[in-house]
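Following: one structure in structure tokens, then a few remarks.
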Amino acid sequence: MSKNKTKKYEGSEHELRARTAELDELHHDVGMPAMAEALAGMRGTGRRTFLMGAGAAVAGGAALAVGTGAVPTLAAASTRRLSSVKASAFPPKGLKGDLAVAAVAASLENLAVFAYSAGLTAATQGKLGTVPPAVATFATTVKGQHQQHAAAWNAVLKSNGKAPVTVTNPTVTPTVQSDFAKVTDIAGLAQLAVTLETIAAQTYQAETSKLKSSAAIQLSSSIQPVEMQHTAILYYVLGMYPGAQTSSGTPLAFNPTSMAV
Amino acid sequence: MTADPRALTELLEESQDLQADALRPTHEALGELVETAHAQREDDAAANLAFHETHTRGLTSSLAGTALLGAAGGAVLVGALASAAAASSSSDVQILQTAASLENLAVSTYKTALTLPYIGGSSANPVVTKFAQVTMGQHAQHAEAFNSAAKSLGGKAQTKPDAAFVPVVKKAVASLGSATPAQGALGVVALALELENIAAGTYVKDTVLAKKETNKALLASIMGIEAQHVSVLLAVQALLMAGAPQLISLSPGTAAMLPAAAGSVGFPNAFYKTNSAAPARQGAVK
């Protein structure tokens, strides 16, 4: 994918994917000495290896659509609604209180998974120009974390005898779909990702003080900071201050909730 | 490396103004609590006992799992801190005072770091310098907000750093004196990283323990900010250890040069870990 002529670290994509898988599966902190070795040992990042990673990511995204019918990726459906559920009918009847919040959370996570999958697909198809290796790794890793978040919320629903939520959030999906159709490069995709991550983080934050069960609060609180970490790295990639900020780029010490759904 | 320091300085100043505005709703919400503070200030004896027992266990667990305190002699601290049996104020006040103590420690640590030539001096990376300045300012605002909330509930402001961590921080700072600039920068980043991680983990955990909605909301509005500090420090640490400090930059085009692993090093866990969290009453005013 990369047509970039600028100097960058090039190395073993296999080694890096192994590290990413380790992060995803074991949830362990990354040992910095090992990280340094990985960085120093990188060789041969190339178009083919990136495409392989992207393909695997899309396959992972497709698995989430099971149970929702033929749900297209955003890239393939920029003129269609990804979620066939009306916003007024969501969360489904029968889900009240914490369970309704769980449904909304799962739907937001599903949307994030599909957005990153679609972004990786578009990148694979060469629609976004040069894709920096770090951005490819970011999208693949973050997509995996959102899948885990969705699974966690659906586990809450399942443990309460409710069906899992496999649709994307009907309130946000149309806007994301419309915005995605306008994305032409990696910077545009990163901006869209910032919006999605911000909505998710602020929604969790707003719900933290409203949820009733300790387990739900704990889950929500354990995810909100991770979504904000995603945002920090996105800002860094965009060359912006790497933290919560106003629309004009002013750093914020307190995260707002104005974008919560 | 090529970021415009003037622009960042302007952002910092603008941020301070905006933060004052942003805090206003928080203060208003806290003000609403004052009316009911007297009725709710002292939790019933059973609740206080349960809180104490839970956090004595939590204290033991935290000390066992925290590298910093392990180095300080965890067993001694367990005994010393766990002996402060009777809760002198409500559990929420203690949570807020502990949070303030962590913020005070962070402020003093960043303040010290900024006196070092490779963090705040002419030889420092300007992005690192400005990050330290902005972050220090944010921690000061967090301390103020936590103390305002504690006072609104009838508690005292915690103006001191968390005593349990102070000796270890002092020791770490002292070791920087003989370090080379490269070693020193890594040492500062490692120390800041650990403090930020403790703060973030503590607040994540305390959103469950806090009883008042406004306190939960305050903790939630800050925990992600600390987690972002962790992300930045993880990325900086990785780039320093890889011998690529030139990539610690907000200039256009940097993303294209970043190693692939830089895309994931800033968020190692899908769910934020709380195993380094400070016990909820550890920094309470005694």
**OP:** Test residue A:194 against the criterion of being β-branched (Val, Ile, Thr), more than 9 Å from chain B (Cβ to nearest Cβ) and closer than 20 Å to residue B:266 by Cα, and give yes or no.
**Re:** yes
Original post:
Restricting segment A:199-244 to residues that are charged (D, E, K, R) and either crowded, with 22+ Cβ neighbours inside 10 Å or more than 8 Å from chain B (Cβ to nearest Cβ) (or both), which is farthest from residue A:261 (Cα to Cα)?
Top reply: A:212
Subject >> Candidates A:156, A:194, filtered to the one that is out of contact with any His (no Cβ under 6 Å at 6 or more places or on another chain) and over 27 Å from residue B:214 (Cβ atoms) >> reply: A:194
Original post:
What tally of residues in segment A:245-255 results from selecting those that are under 20 Å from the mean Cα position of the chain (by Cα) and at the interface with chain B (Cβ under 7 Å from one of its Cβ atoms)?
Top reply: 1
Original post:
Out of all the residues in segment A:106-138, which are within 14 Å of chain B (Cβ to nearest Cβ), within 24 Å of residue B:257 (Cα to Cα), assigned to a helix (DSSP H, G or I) and not β-branched (Val, Ile, Thr)?
Top reply: A:116, A:119, A:120, A:123, A:133, A:134, A:136, A:138
Subject >> Criterion (assigned to a loop (DSSP other than H, G, I, E, B), surrounded by fewer than 22 Cβ atoms within 10 Å (Cβ to Cβ) and at pLDDT 95 or above) met by exactly one of B:273, B:286 >> reply: B:273
Original post:
Of the residues that make up segment A:167-176, is at least one of a type in the set (A, V, I, L, M) and surrounded by fewer than 17 Cβ atoms within 10 Å (Cβ to Cβ)?
Top reply: no
Original post:
Pairs, please: C-beta under 9 Å, at least 6 apart or cross-chain, first residue closer than 15 Å to residue A:221 by Cβ and at the interface with chain A (Cβ under 7 Å from one of its Cβ atoms) and in segment B:263-278, second among the acidic types (Asp, Glu) and surrounded by fewer than 24 Cβ atoms within 10 Å (Cβ to Cβ)?
Top reply: B:269/A:29; B:270/A:24
Subject >> Number of the condition not met by residue B:207 [criteria: (1) under 14 Å from the mean Cα position of the chain (by Cα); (2) closer than 20 Å to residue A:223 by Cβ] >> reply: (1)
Original post:
How many residues are farther than 14 Å from residue A:200 by Cβ, out of contact with any Asp or Glu (no Cβ under 8 Å at 6 or more places or on another chain) and either assigned to a helix (DSSP H, G or I) or not small (Gly, Ala, Ser) (or both) if we restrict to segment A:233-255?
Top reply: 13
Subject >> Scan of segment B:213-245 for residues that are closer than 20 Å to residue A:257 by Cα, more than 7 Å from chain A (Cβ to nearest Cβ) and surrounded by fewer than 22 Cβ atoms within 10 Å (Cβ to Cβ), ordered by number >> reply: B:214
Original post:
Out of curiosity, is residue A:141 at the interface with chain B (Cβ under 8 Å from one of its Cβ atoms) and touching a Phe, Trp or Tyr at 6+ places or on another chain (Cβ under 8 Å)?
Top reply: yes
**OP:** Kindly establish whether residue B:150 is part of a helix (DSSP H, G or I), away from chain A (no Cβ under 14 Å) and at pLDDT 95 or above.
**Re:** yes
Original post:
When residues of segment B:199-212 are filtered for being more than 7 Å from chain A (Cβ to nearest Cβ) and touching a Phe, Trp or Tyr at 6+ places or on another chain (Cβ under 9 Å), how many remain?
Top reply: 2
Original post:
Residues in segment B:184-193: is at least one more than 8 Å from chain A (Cβ to nearest Cβ), among the hydrophobic types (A, V, I, L, M, F, W, C) and in contact with a Phe, Trp or Tyr (Cβ under 6 Å, 6 or more places away or on another chain)?
Top reply: yes
Original post:
Among (1) closer than 22 Å to residue B:268 by Cα; (2) among the hydrophobic types (A, V, I, L, M, F, W, C); (3) more than 14 Å from chain B (Cβ to nearest Cβ), which single condition is residue A:103 missing?
Top reply: (1)
**OP:** Kindly establish whether residue B:114 is modelled with pLDDT of 95 or more, over 22 Å from residue B:278 (Cα atoms) and away from chain A (no Cβ under 14 Å).
**Re:** yes
Original post:
Is it the case that segment A:149-166 has a residue that's closer than 23 Å to residue A:233 by Cα, among the hydrophobic types (A, V, I, L, M, F, W, C) and either at pLDDT below 95 or not in a helix (DSSP H, G or I) (or both)?
Top reply: no
Original post:
Taking residue B:181, is it over 21 Å from residue B:90 (Cα atoms), in contact with a Ser or Thr (Cβ under 7 Å, 6 or more places away or on another chain) and more than 8 Å from every other protein chain (Cβ to nearest Cβ)?
Top reply: yes
**OP:** Considering only residues that are in a helix (DSSP H, G or I) and free of Cβ contacts under 8 Å to residues at least 60 places away in the same chain, look in segment B:110-131 and name the one that is farthest from the chain's Cα centre (by Cα).
**Re:** B:120
Original post:
In segment B:179-258, which helices (runs of 4 or more DSSP H) lie fully inside it and hold 2 or more residues that are free of Cβ contacts under 8 Å to residues at least 40 places away in the same chain and within 15 Å of residue B:146 (Cβ to Cβ)?
Top reply: B:213-241
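The values are calculated or read from the model by the stated rules, or taken from the named source; none is laboratory data. The structure presented is a predicted model; accordingly, all values stated were derived computationally and were not measured. Using ideal geometry, Cβ is built from the backbone for each residue, glycine included, and neighbour counts are taken over all protein chains shown.
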